[in-house]
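J.: I'd like to ask you about the structure that follows.
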Amino acid sequence: MRQFFLSLTLILSSLTAFAQLEWVPQHPGTITYTLDLENVQQHELRITVDFPAVGPGIFRVKMPQSSPGRYAQHNFAKNVYDLKAFGADGAAVDVYQEGIAAWAVAGHGGAVTLEYTLFANGGDGTYSGIDDRKLHLNMPASFLYGDVLNDRPVMLKIKDGQRTDWTVATQLVEVGNRAYAAPNYYYFFDSPTIVGTIMRDQFEVTNPDGNTQTIEVAMMHEGTREEFDDYVEWTKKVVLAQQKVYGEIPTFDYGKYTFLCSYNPWIGGDGMEHRNSTICSSTGNLGQHADRLIGTVSHEFFHCWNVERIRPASLEPFSFDHANMSGELWFAEGFTSYYDDLSLVRAGILSPEDYAKGLTGQLNYVLLRPGRDHRNAIEMSQQAPFVDAATANDPDNFGNTFVSYYPYGATIGLALDLTLRERGHTLDEVMKLIWQRYGKTEIPYHIRDLQLALGEVVGDQAWAKDWFADYVYQSELPNIGALLDNYGFVVEPAHPDTAGFMGLRLRDGGDVVTVRGPVAENSPLYEAGLDEGSKILSLNGQPVNSQDSWDAIVSSLEIGKTYEISFEQLGQQKTGRFTAAVSPELKIRFEEGNRKAKKAREDWLWRE
């Protein structure tokens, strides 16, 4: 992807967006997808694909198994059926399924037309959704592609006369007559598209060099125009706050970036970044949930720098047939997660008090889970193919061995930013340098490149090497409470006098209480032998027959004292012993602090 976009920019930088692609409909090699919307109420699209020029012999078509922004493989092919093929003379030809997501066409005569039905009823950032209200198309979940035809232009069309009241929003380039073009398959599959009743607005953002880019907000929602307008204003504030981090917004390939927002009961919740657009979806609505939904907007827009253009080499070259494994997601996703809420505070949307609440949940998750005893930040990132919307039937032990690279990386980013500020620098400086060196140039980076950039900012490569050794290659974390205290954020025990069991979850079954989910390795109950599914019979000699009875007994335990617990596990009654320990759960309390803390906080959060 990187090589194509770089060359396109160099060759066609002086042309308008339409002029760049106005030749596509006339190009004899253009691959065209035509959508028949006749049966959308049953979640079906009938799709015709015209391949006007294919090589001799067997022509192979595939359904993608990987999708931009995701790190796991998916079985999109399961929703493709009634596949038919026709040759250059228009006569039917044989098509054979060769694999899970591959078909072969023979006897075609140099051109192939395919027809197939796509079922889709799960729209979000990964999957497509088709119904009587909309088309919500993630392209890899929707469209077969011709093997070894990646250098051909691609066009998407809606069948004439259908749903003329519906409009289209996409990063594809409109070329007239409800047709939308991409220069090749890579761009096409990276271009989610929504079709339906869409509310729109746009604004312009100018970089210091005078380069102006258009930001469009295209939304399907059930609310009012006033709610939409207010949300667009919030979106603009987020964009401008993030522009300040890097000093500029990217020069988008066709001069525009589009937020494709779906907020209604007929969609799934998600956020997914793309080259010049993002999908932000939720069953929530602007009237009640705008303050939550804007967090996804903030996260995904930050990706237009970090991961879309500042891109780890481990994700290149991108393949639609398999997922790549990356050890850099703690940075690509985690640092983006650090900046999403930080951007909301800086934009004046999120208060410092609410920011503290968000940090509370994040730190409790990262600091208290035992996963960091098993994997460092790199190794957590490498688990993405197994956890990033991936499905498996067999149980795992991720409750004890995995910490999501999103909050883990966000915590590393927080710690690094506050540490740098003690040295007279900021994480913003590091991100800006990485953008200039690897993002604008679109040179994929390695982990050592990040380390060298950090060392350059602080003027101390030895310190940067040690920092990476401790917090990236090992799984240590600095004293974040001490760092936050300098800014008026006080970290303290949430339940200082109460016994705790590390996020223990119980299922109250009337007169039976069962452990729900894994027991954490650092929980006193792990020491006692409890496991997922254990039925708790008694604690300290008192019967446990409800969540209330459990809570009452736990409240009477003395810290440091050893107790007996009886339980049934795998049909056998057992007894274990544990030592009651203080609940490790933390809370973060915001206070104004002294003048020094206030000044430091203003420099960090610089609220607009």
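J.: Checking the conditions here, which among Ile447, Ile443 is modelled with pLDDT of 95 or more and closer than 25 Å to His374 by Cα?
T.: Details: Ile443 fails: closer than 25 Å to His374 by Cα.
Unique residue meeting the criteria: Ile447.
J.: Shifting gears a bit: Considering only region 458-495, state which residues are in a loop (DSSP other than H, G, I, E, B) and touching a Ser or Thr at 6+ places or on another chain (Cβ under 8 Å). Spell out how you get there, then give the answer.
T.: Narrowing region 458-495 to residues in a loop (DSSP other than H, G, I, E, B): 459-460, 472-479, 486-488, 494-495.
Listed by number, the residues that qualify are Leu477, Pro478, Ala494, His495.
J.: A follow-up question, please. Can you tell which of Ala389, Ala356 is outside any helix (DSSP H, G or I), out of contact with any Leu (no Cβ under 8 Å at 6 or more places or on another chain) and not assigned by TED's automatic domain parsing to the domain that holds Gly517? Before the answer, list the steps.
T.: Values: Ala356 fails: outside any helix (DSSP H, G or I).
Matching residue, one of Ala389, Ala356: Ala389.
J.: Out of Tyr116, Tyr81, Tyr127, I need the residue that is assigned by TED's automatic domain parsing to the domain that holds Asp190, out of contact with any strand residue (DSSP E or B) (no Cβ under 7 Å at 6 or more places or on another chain) and among the hydroxyl-bearing types (Ser, Thr, Tyr). Which one? Walk me through how you get there before you give the answer.
T.: Values: Tyr116 fails: out of contact with any strand residue (DSSP E or B) (no Cβ under 7 Å at 6 or more places or on another chain); Tyr81 fails: out of contact with any strand residue (DSSP E or B) (no Cβ under 7 Å at 6 or more places or on another chain).
Answer to the selection: Tyr127.
J.: Within region 273-300, which residues are polar (S, T, N, Q) and either farther than 20 Å from Ile215 by Cα or not in a helix (DSSP H, G or I) (or both)?
T.: So the first thing to find is which residues in region 273-300 are polar (S, T, N, Q), and the list is 276-278, 281-283, 285, 288, 296, 298.
Selection gives Asn276, Ser277, Thr278, Ser281, Ser282, Thr283, Asn285, Gln288.
J.: Would region 517-533 turn up any residue that is more than 30 Å from His374 (Cβ to Cβ) and modelled with pLDDT of 95 or more?
T.: Within region 517-533, the subset more than 30 Å from His374 (Cβ to Cβ) is none.
Looking for residues that are more than 30 Å from His374 (Cβ to Cβ) and modelled with pLDDT of 95 or more, one finds none in region 517-533, hence no.
J.: Out of the residues in region 484-503 meeting the condition of being among the aliphatic types (A, V, I, L, M) and within 28 Å of the chain's Cα centre (by Cα), tell me which one is nearest to Gly409 (Cα to Cα). Break it down stepwise before answering.
T.: Taking region 484-503 and keeping what is among the aliphatic types (A, V, I, L, M), we get 484, 490-491, 494, 499, 502.
Add one more test, that the residue is within 28 Å of the chain's Cα centre (by Cα), and what stays is 484, 502.
Working: Leu484: 17, Met502: 21 Å.
Restricting to residues being among the aliphatic types (A, V, I, L, M) and within 28 Å of the chain's Cα centre (by Cα), the top hit is Leu484.
J.: Turning to a different aspect of this structure: Looking at the structure I just gave you, is Phe259 more than 24 Å from Val168 (Cα to Cα) and buried (at least 19 other Cβ atoms within 10 Å of the Cβ)?
T.: On the way: more than 24 Å from Val168 (Cα to Cα): no; buried (at least 19 other Cβ atoms within 10 Å of the Cβ): yes.
Spelling it out, it is not the case that Phe259 is more than 24 Å from Val168 (Cα to Cα) and buried (at least 19 other Cβ atoms within 10 Å of the Cβ).
To keep it simple, each residue is scored yes or no on (1) farther than 27 Å from Pro524 by Cβ; (2) over 40 Å from the mean Cα position of the chain (by Cα); (3) of a type in the set (A, V, I, L, M).
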{"position": "Leu570", "(1), (2), (3)": "no, no, yes"}
{"position": "Lys574", "(1), (2), (3)": "no, yes, no"}
{"position": "Ala581", "(1), (2), (3)": "no, no, yes"}
{"position": "Gly593", "(1), (2), (3)": "yes, no, no"}
{"position": "Ala600", "(1), (2), (3)": "yes, no, yes"}
{"position": "Asp603", "(1), (2), (3)": "yes, no, no"}
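J.: Could you tell me how many of the residues in region 147-172 are in a strand (DSSP E or B) and crowded, with 21+ Cβ neighbours inside 10 Å?
T.: Step one: of region 147-172, the residues in a strand (DSSP E or B) are 154-158, 167-170.
Among the residues that remain, those that are also crowded, with 21+ Cβ neighbours inside 10 Å are: 154-156, 158, 169-170.
Qualifying residue count for the region: 6.
J.: Scanning for something in contact with a Leu (Cβ under 8 Å, 6 or more places away or on another chain), under 30 Å from Ala141 (Cα atoms), in contact (Cβ under 8 Å) with a residue 24 or more places away in the chain and in a helix (DSSP H, G or I), does region 301-322 turn up at least one residue?
T.: The answer is no; no qualifying residue exists.
J.: Can you find, within region 100-131, the residue that is surrounded by the most Cβ atoms within 10 Å (Cβ to Cβ) among those that are under 20 Å from Thr34 (Cβ atoms) and of a type outside the set (A, V, I, L, M, F, W, C)? First the steps, then the outcome.
T.: Here is the first cut: in region 100-131, the ones under 20 Å from Thr34 (Cβ atoms) are 103, 105, 108, 111-120, 128-131.
With the extra rule that they be of a type outside the set (A, V, I, L, M, F, W, C), the set shrinks to 108, 113, 115-117, 128-129, 131.
On the way: His108: 24, Thr113: 21, Glu115: 15, Tyr116: 21, Thr117: 16, Ser128: 26, Gly129: 23, Asp131: 18.
Taking the candidates together, the pick is Ser128.
J.: Here is a check on your reading of the model: is Lys244 charged (D, E, K, R), buried (at least 17 other Cβ atoms within 10 Å of the Cβ) and at negative phi?
T.: no
J.: When residues of region 564-590 are filtered for being outside any strand (DSSP E or B) and either outside the structural domain of Glu527 (by TED's automatic domain parsing) or surrounded by 15 or more Cβ atoms within 10 Å (Cβ to Cβ) (or both), how many remain?
T.: Looking only at region 564-590, we keep the residues that are outside any strand (DSSP E or B), and these are 570-571, 580-581, 583-585.
Checking which are either outside the structural domain of Glu527 (by TED's automatic domain parsing) or surrounded by 15 or more Cβ atoms within 10 Å (Cβ to Cβ) (or both) leaves us with 580-581, 583-585.
Selection size over region 564-590: 5.
J.: For Glu602, state whether it is surrounded by fewer than 17 Cβ atoms within 10 Å (Cβ to Cβ), in contact with a Gly (Cβ under 7 Å, 6 or more places away or on another chain) and either of a type outside the set (S, T, N, Q) or assigned to a loop (DSSP other than H, G, I, E, B) (or both).
T.: Values: surrounded by fewer than 17 Cβ atoms within 10 Å (Cβ to Cβ): yes; in contact with a Gly (Cβ under 7 Å, 6 or more places away or on another chain): no; either of a type outside the set (S, T, N, Q) or assigned to a loop (DSSP other than H, G, I, E, B) (or both): yes.
Against the criterion (surrounded by fewer than 17 Cβ atoms within 10 Å (Cβ to Cβ), in contact with a Gly (Cβ under 7 Å, 6 or more places away or on another chain) and either of a type outside the set (S, T, N, Q) or assigned to a loop (DSSP other than H, G, I, E, B) (or both)), Glu602 does not qualify.
J.: Could you list, in sequence order, the residues of region 535-563 that are touching a residue at least 40 places away in the same chain (Cβ under 8 Å) and either buried (at least 17 other Cβ atoms within 10 Å of the Cβ) or touching a Lys or Arg at 6+ places or on another chain (Cβ under 6 Å) (or both)?
T.: Trp550, Val554, Leu557 - these are the residues of region 535-563 that are touching a residue at least 40 places away in the same chain (Cβ under 8 Å) and either buried (at least 17 other Cβ atoms within 10 Å of the Cβ) or touching a Lys or Arg at 6+ places or on another chain (Cβ under 6 Å) (or both).
J.: Now for a different question. Given the options Gly223, Gly255, Gly271, name the one that is under 25 Å from Leu427 (Cβ atoms) and touching a residue at least 24 places away in the same chain (Cβ under 8 Å). Quick ask: steps written out before the conclusion?
T.: Values: Gly223 fails: under 25 Å from Leu427 (Cβ atoms); Gly255 fails: under 25 Å from Leu427 (Cβ atoms).
Testing whether each residue is under 25 Å from Leu427 (Cβ atoms) and touching a residue at least 24 places away in the same chain (Cβ under 8 Å) leaves just Gly271.
J.: If a residue has to be surrounded by fewer than 20 Cβ atoms within 10 Å (Cβ to Cβ) and within 13 Å of Ile249 (Cα to Cα) to count, how many in region 428-444 make the cut?
T.: Result for region 428-444: 2.
J.: Among the residues of region 358-404, which ones are in contact (Cβ under 8 Å) with a residue 60 or more places away in the chain and closer than 20 Å to Ser66 by Cα?
T.: Listed by number, the residues that qualify are Ala384, Pro385, Phe386, Val387, Asp388, Ala389, Ala390.
J.: Kindly indicate whether Leu367 is touching a helix residue (DSSP H, G or I) at 6+ places or on another chain (Cβ under 8 Å) and crowded, with 20+ Cβ neighbours inside 10 Å. Spell out how you get there, then give the answer.
T.: On the way: touching a helix residue (DSSP H, G or I) at 6+ places or on another chain (Cβ under 8 Å): yes; crowded, with 20+ Cβ neighbours inside 10 Å: no.
Spelling it out, it is not the case that Leu367 is touching a helix residue (DSSP H, G or I) at 6+ places or on another chain (Cβ under 8 Å) and crowded, with 20+ Cβ neighbours inside 10 Å.
J.: Looking only at residues in region 392-407 that are more than 19 Å from Asp428 (Cα to Cα) and within 18 Å of the chain's Cα centre (by Cα), which one is surrounded by the most Cβ atoms within 10 Å (Cβ to Cβ)? Write out each step before concluding.
T.: Narrowing region 392-407 to residues more than 19 Å from Asp428 (Cα to Cα): 392-405.
If we keep only those that are within 18 Å of the chain's Cα centre (by Cα) too, we end up with 402-405.
Numbers: Phe402: 21, Val403: 26, Ser404: 24, Tyr405: 31.
Checking each candidate, the answer is Tyr405.
J.: If you check Thr336 against the conditions, is it of a type in the set (S, T, N, Q), buried (at least 20 other Cβ atoms within 10 Å of the Cβ) and in contact with an Asp or Glu (Cβ under 8 Å, 6 or more places away or on another chain)?
T.: Answer is no for this residue.
The values are calculated or read from the model by the stated rules, or taken from the named source; none is laboratory data. Please read these numbers as outputs of a predicted model, since none were measured by experiment. Cβ: placed from backbone, ideal geometry, glycine included. Neighbour counts: every protein chain shown.
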